[in-house]
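Report on the following structure.
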Amino acid sequence: METITIGTESKTYPVYVGLGAVQQLNSYIYKNFPSLTNIMIITDETVASLYLTKLQDNLSDFETFSYVAPIGERAKTFEVYYQVLSFALERKLDRKSLIIAFGGGAVGDLGGFIAATYMRGIPFIQVPTTILAHDSAVGGKTAINHPLGKNMIGAFYQPEAVFYDLNFLSSLPLNERRSGFAEVIKHGLIHDPIFFTWLMEKITTLRDYSHSDLAFSLIKGIEIKNYFVSKDEKESGIRAYLNFGHTLGHAIEAELGYGEWTHGEAVLVGMLFALKLSKKITDLDFNTDNFKAWLEHLGYKTEIPKELSREKLLERMKQDKKSVGQKVNFVLLKEVGSPVLYEVSDEEILIQLEIF
């Protein structure tokens, strides 16, 4: 098992990665929460049916309650947020309680935001169960969605620890593997050209991959994420580079309706768009045809859905958290591993959307 230390201005905490990592959870809680009263587990329907009993077995020494949320982005609504808070209050959770977010990125976002706001903040631990959560479980971003924008209501709130048990990834459907692996690709593009080249040469299918290749990819992604969040916890500077591909990706998700495409599938199209925009604006030297062919071989969609209005996508992008004064800021690349934030005009965006 590997341990990666995440260091931010507000907190330093461990990420444990490996097969069977969750078996260390019981002893960690005993050591770090001697006055613990109880634990609330927040999970979703799929994870609960597969793994909740296993997690509870690892917590048998503690009083636990479990809230089972809807699957995916349907967990990140005001209604579910309110229901989980009511559940916590009814079961008398207090400031000595602990929340465990047990699931993918949506559950992590919801669980973290509950922890950040319940009684003005109680501790929580991330136990991710998806590839995508190697990114979302680290760094302290928590949020729920609003119909007008993804992740618009939230807080920066770091977990106490992350237990990333790779055994939980074995049951992931192929579309969720693609969704999570998109963020791995992103990490290589914005920070590590050698790692990105390794990915394109080594990863030829997402249907079947070795544990060693998967572990290497996820650990590398977490280390890259740590590089940015350790220097810029609240996204006032370089942490914004982690949003590469997300400006258009979030717009696609919102316009299609949250959950119609997975987060990673939408972000992947956003990354491809940002790369083509970079070739025009920053003179990026990059073979987008080869990249697109590799993505399609892995089963990714590489086109914006034809039914989506380009004008409506632009309006969604103007609501992006990086936008200022209704001006759209894109994360572009000067070269692989060298990102830059660039303001792009409405006219240029619409032109590029039409020819994309």
task = Report, by residue number, each residue of region 246-303 that is of a type in the set (Asp, Glu) and in a helix (DSSP H, G or I).
result = Glu253, Glu255, Glu265, Asp289, Glu296
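Quickly run through region 304-314 and pick out the residues that are part of a helix (DSSP H, G or I) and of a type outside the set (A, V, I, L, M).
Within region 304-314, Arg310, Glu311, Lys312 meet the criteria.
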ask   = Across region 315-356, what is the total count of residues that are closer than 15 Å to Ser278 by Cβ, part of a loop (DSSP other than H, G, I, E, B) and modelled with pLDDT under 95?
value = 1
task = Could you check, for region 233-242, whether at least one of its residues is in a loop (DSSP other than H, G, I, E, B), touching a Lys or Arg at 6+ places or on another chain (Cβ under 7 Å), surrounded by 15 or more Cβ atoms within 10 Å (Cβ to Cβ) and modelled with pLDDT of 95 or more?
result = no
message = Quick check on Gly105: is it under 24 Å from Val15 (Cα atoms), in the same structural domain as Ser27 (by TED's automatic domain parsing) and in contact (Cβ under 8 Å) with a residue 12 or more places away in the chain?
response = yes
Members of region 200-239 that are aromatic (Phe, Trp, Tyr) and either touching a helix residue (DSSP H, G or I) at 6+ places or on another chain (Cβ under 6 Å) or in contact (Cβ under 8 Å) with a residue 60 or more places away in the chain (or both) = Phe228
request  = Report whether or not Ser338 is touching a strand residue (DSSP E or B) at 6+ places or on another chain (Cβ under 7 Å) and within 25 Å of Phe196 (Cα to Cα).
outcome  = no
ask   = In this structure, is Leu248 over 23 Å from Lys276 (Cα atoms), crowded, with 24+ Cβ neighbours inside 10 Å and modelled with pLDDT of 90 or more?
value = no
task = Look through Ile219, Ile194, Ile190 and report the one residue that is modelled with pLDDT of 95 or more, among the aliphatic types (A, V, I, L, M) and in contact with a His (Cβ under 9 Å, 6 or more places away or on another chain).
result = Ile219
remark   = Reported set for region 59-78 where residues are of a type outside the set (A, V, I, L, M) and under 22 Å from Trp261 (Cα atoms) is Pro70, Gly72, Glu73, Arg74, Lys76, Thr77, Phe78
request  = Can you give me the number of residues within region 334-356 that are of a type outside the set (Ser, Thr, Tyr) and touching a Lys or Arg at 6+ places or on another chain (Cβ under 9 Å)?
outcome  = 13
message = Take the conditions closer than 24 Å to Gly149 by Cα and either assigned by TED's automatic domain parsing to the domain that holds Ala254 or not hydroxyl-bearing (Ser, Thr, Tyr) (or both) and apply them to Leu275. Does it pass?
response = yes
remark   = Just one listed residue, out of Lys327, Lys279, is surrounded by 15 or more Cβ atoms within 10 Å (Cβ to Cβ) and more than 14 Å from Gly245 (Cα to Cα), and it is Lys279
request  = Working only within region 87-103, note down all residues that are surrounded by 13 or more Cβ atoms within 10 Å (Cβ to Cβ) and part of a helix (DSSP H, G or I).
outcome  = Phe87, Ala88
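The values are calculated or read from the model by the stated rules, or taken from the named source; none is laboratory data. What you see is a predicted model, and the numbers here were worked out from it, not measured in a lab. Positions of Cβ are backbone-derived with ideal geometry, glycine not excepted, and every protein chain shown enters the neighbour counts.
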